[in-house]
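> Submitted below is the structure of interest, expressed as structure tokens.
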Amino acid sequence: MYVYVKHCIHLKTKKLEHMYRRWAQIILDMWDPERVKKVLREKGYRMTPQRLAIIETLNEVGRRHPTLKEIYSATKKKVPTMSFSTLYTHIKVFEELGLLALFELNGETRIEVNLKPHINIVWFGKGVVEDYFDHEFSKHVNEIVDKLRISKGIKPRAFIANLIVE
């Protein structure tokens, strides 16, 4: 059993951007196209042109937490015959295999390719989502995961806290 844990905190502060820039350690290269292809092949999925185009698009824009519409628009340029339904089906397969996570923001589904414990800083007025990683945060998350595993018998797939700022 997998549980996707998400916690939202609402804050209004102008100093946060300065603090974020000073303390943030952005994790890069979380989305590894070769690893994704390997997992898909191991699970019996073929590398179709549509699937390859989606993987390539996620490699290009995934760290920006794109919406499904943004992924569809970028992928459709590579494979004009692809439907939104096909994109959605592939994204759900990626999610089920633990290759990415989906979350809602302002009524739109967004893609998260960084599955390590972290905070998403949501710049509310800009519509921008950025990753923030902190070792102390990770230690606390690991403690929470251990407690969930022991007390409830569940293992969270991802722990992502959304910090929404203006």
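> List the relative contact order of the range 28-113 as a percent without decimals, with contacts defined as Cα pairs under 8 Å and 6+ residues apart.
Here the relative contact order equals 31 percent.
> Give me the one-decimal nm value for the distance between modelled label points at Lys116 and Met47, 7 Å along each residue's Cα-to-Cβ direction.
Between Lys116 and Met47, the label points sit 2.6 nm apart.
> Once amide H atoms are built 1.01 Å from N in the peptide plane, which residues 5 or more positions from Thr109, or in another chain, come under 5 Å H to H?
Placed amide hydrogens put Leu68 under 5 Å from Thr109.
> Using r as the Cβ-Cβ distance of Ser151 and Leu102, and R0 as 25 Å, what FRET efficiency do you calculate, to the nearest 0.05?
Computed FRET efficiency for Ser151 and Leu102: 0.45.
> Tabulate in residue order the Karplus-calculated ³J(HN,Hα) for the range 76-83, using 6.51 cos²θ - 1.76 cosθ + 1.60 with θ = phi - 60°, rounded to whole Hz; enter x for Gly and Pro.
Whole-Hz 3J(HN,Hα) from phi for the range 76-83: 4, 5, 8, 10, x, 8, 6, 9.
> Now for a separate question. Take Ile71, Ile55 and order them by how many other Cβ atoms sit within 10 Å, fewest up front.
Ile55, Ile71
> What order do you get for 82-90, 61-69, 32-40 when each peptide is scored by the mean count of other beta carbon atoms within 10 Å, highest first?
Taking the mean over residues of other Cβ atoms within 10 Å, the ranking is 61-69, 82-90, 32-40.
> Using the Karplus curve 6.51 cos²θ - 1.76 cosθ + 1.60 with θ = phi - 60°, work out ³J(HN,Hα) for each residue of the range 122-131 in order, rounded to whole Hz, and write x for Gly and Pro.
9, 7, 3, x, 8, x, 9, 10, 10, 7
> Where does each of 121-129, 143-151 land if you order them by average Cβ count within 10 Å, highest first?
121-129, 143-151
> Give me a comma-separated list of calculated 3J(HN,Hα) values for the range 57-73, in order, Karplus coefficients 6.51, -1.76, 1.60 applied at θ = phi - 60°, integers in Hz, x for any Gly or Pro.
5, 5, 5, 6, 10, x, 5, 8, 6, x, 7, 4, 4, 5, 5, 4, 4
Read-outs throughout are calculated quantities, based only on the coordinates presented, and are distinct from any laboratory measurement. For clarity, every value in this text was computed on a predicted model and none was experimentally measured. With ideal geometry, Cβ positions are generated from the backbone for all residues, glycine too; neighbour counts draw on all protein chains shown.
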